[in-house]
Amino acid sequence: MRWTSLTGLALLVCLSSVALAQRPDQQGNRSRTLSSRQSDALLSTLPDIRTFRARGSDRFLVNLDTVRTGHPYKGKNARRPHTGGHVYFHVPKKAIPDGQVERFPAIYAVADGVISRIDYSFRLREIFISSLDRRVSNTRYGIGLMFARSAGRPVMMHYSIEPFVDPGDPKFYERFLLVKVGQRVKKGDIIARMYIPPDRRVAQNTHIHFNLLGGPKRSFQAPAIFNQRIVRRFHTTWDKRRGTDDGRAIPPCMGFRLSPAENPFESKAIDAL
């Protein structure tokens, strides 16, 4: 892996700001972020988001042979909106020991960019798992990759990594996060590993939620930055439950029934992108 760091004064400012941002909030969530000022200073180094429409990335966020099923970003105009694509993983027949991090599925940088945010531990609402017949806690981790610009603002790929367990230790997921805030990465670098819990009934729900954050209002947008080979291959994994919108089959795409604000390339509603 080839990594470089921010240089000079920008790095010093970054580190001092990040040190403040790492403190846990009232819920115990632990995150680090670049400030808006630091992000804006990097704008000139980022390509325009529209370049990804003309030439999509050939690096998906995970290896597609590890994907069991999934679905695209379902926009506000969908019958059942969901503001993020999902990838669900094949569950190993034998649980992977927690300490063998390198055996868990790799998560990749989808483009050259800078790590703008890391969530080391972030508690989501409890969910009901039918196979367990009970509600379970869900503490996720995550990464923000700043890789493009749009309307004078940075665009981030948001990776919300959700094992659907609460490990009980706010530092548990740190071993699965392989980058630091402010670090430059290249497309294809492994930036994290997907923790798959040992309980197969829980692991069936383990997934990554992914979307773009961009535009003038830093809106949730469809992650439609991949080439057609990846889009079509991802589409083959969708099952009849997740690859539909209230019973309507969704065509190969990364964004379905998008409102103008959810379209990363132009302020225009579109059925499939």
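Consider Pro252 carefully, then state whether it is modelled with pLDDT of 95 or more, buried (at least 22 other Cβ atoms within 10 Å of the Cβ) and assigned to a loop (DSSP other than H, G, I, E, B).
Criteria not met by Pro252.
So, in the range 52-64, exactly how many residues are open to solvent by 70 Å² or more (accessible area, probe 1.4 Å) and touching a residue at least 12 places away in the same chain (Cβ under 8 Å)?
Looking only at that region, the number is 3.
Tell me whether the range 224-245 contains one or more residues that are polar (S, T, N, Q), at pLDDT below 95, within 18 Å of the chain's Cα centre (by Cα) and more than 24 Å from Phe176 (Cβ to Cβ).
Taking every residue of the range 224-245 in turn, none turns out to be polar (S, T, N, Q), at pLDDT below 95, within 18 Å of the chain's Cα centre (by Cα) and more than 24 Å from Phe176 (Cβ to Cβ).
Scanning for something open to solvent by 30 Å² or more (accessible area, probe 1.4 Å), in contact with a Lys or Arg (Cβ under 6 Å, 6 or more places away or on another chain) and farther than 28 Å from Ala203 by Cβ, does the range 68-80 turn up at least one residue?
yes
Kindly provide the set of residues from the range 125-163 that are open to solvent by 50 Å² or more (accessible area, probe 1.4 Å), modelled with pLDDT under 90 and not small (Gly, Ala, Ser), ordered by number.
Passing the criteria: Arg125, Glu126, Phe128, Asp133, Arg134, Arg135.
Name every residue in the range 261-270 that is among the β-branched types (Val, Ile, Thr) and either modelled with pLDDT under 95 or open to solvent by 50 Å² or more (accessible area, probe 1.4 Å) (or both), in order of residue number.
Matches in the range 261-270: none.
Identify all residues within the range 174-193 that are assigned to a helix (DSSP H, G or I) and over 15 Å from the mean Cα position of the chain (by Cα); write none if there are none.
Across the range 174-193, the qualifying residues are Glu174, Arg175.
Going through the range 194-212 one residue at a time, which ones are assigned to a loop (DSSP other than H, G, I, E, B), under 28 Å from Ala111 (Cβ atoms) and not polar (S, T, N, Q)?
Met194, Tyr195, Ile196
Quick one: would you say Gly247 is in contact (Cβ under 8 Å) with a residue 12 or more places away in the chain and more than 23 Å from Leu124 (Cβ to Cβ)?
no
Yes or no: Ser39 farther than 22 Å from Tyr159 by Cα and either modelled with pLDDT of 90 or more or open to solvent by less than 80 Å² (accessible area, probe 1.4 Å) (or both)?
Spelling it out, it is not the case that Ser39 is farther than 22 Å from Tyr159 by Cα and either modelled with pLDDT of 90 or more or open to solvent by less than 80 Å² (accessible area, probe 1.4 Å) (or both).
Look through Leu273, Leu258 and report the one residue that is open to solvent by 10 Å² or more (accessible area, probe 1.4 Å), within 25 Å of Ala109 (Cβ to Cβ) and at pLDDT 95 or above.
Leu273
Residues to consider are Ala222, Ala203; find the one that is open to solvent by less than 10 Å² (accessible area, probe 1.4 Å) and out of contact with any strand residue (DSSP E or B) (no Cβ under 6 Å at 6 or more places or on another chain).
Going through Ala222, Ala203 in turn, the sole match is Ala203.
What residue, of Ser39, Ser31, is in contact (Cβ under 8 Å) with a residue 60 or more places away in the chain, in contact with a strand residue (DSSP E or B) (Cβ under 9 Å, 6 or more places away or on another chain) and closer than 17 Å to Val185 by Cβ?
Result: Ser39 is the single residue among Ser39, Ser31 that is in contact (Cβ under 8 Å) with a residue 60 or more places away in the chain, in contact with a strand residue (DSSP E or B) (Cβ under 9 Å, 6 or more places away or on another chain) and closer than 17 Å to Val185 by Cβ.
Is it fair to say Lys76 is assigned to a loop (DSSP other than H, G, I, E, B) and without any contact (Cβ under 8 Å) to a residue 60 or more places away in the chain?
no
The values are calculated or read from the model by the stated rules, or taken from the named source; none is laboratory data. Everything numeric in this text was worked out from a predicted model, so none of it was measured. Note that each Cβ is placed from the backbone with ideal geometry, even for glycine, and that neighbours are counted across all protein chains shown. Ligands, DNA and RNA are stripped out before the accessible areas are found, and what is left, the full protein with its side chains, is counted by its heavy atoms. Shrake-Rupley method; radii C 1.70, N 1.55, O 1.52, S 1.80 Å.
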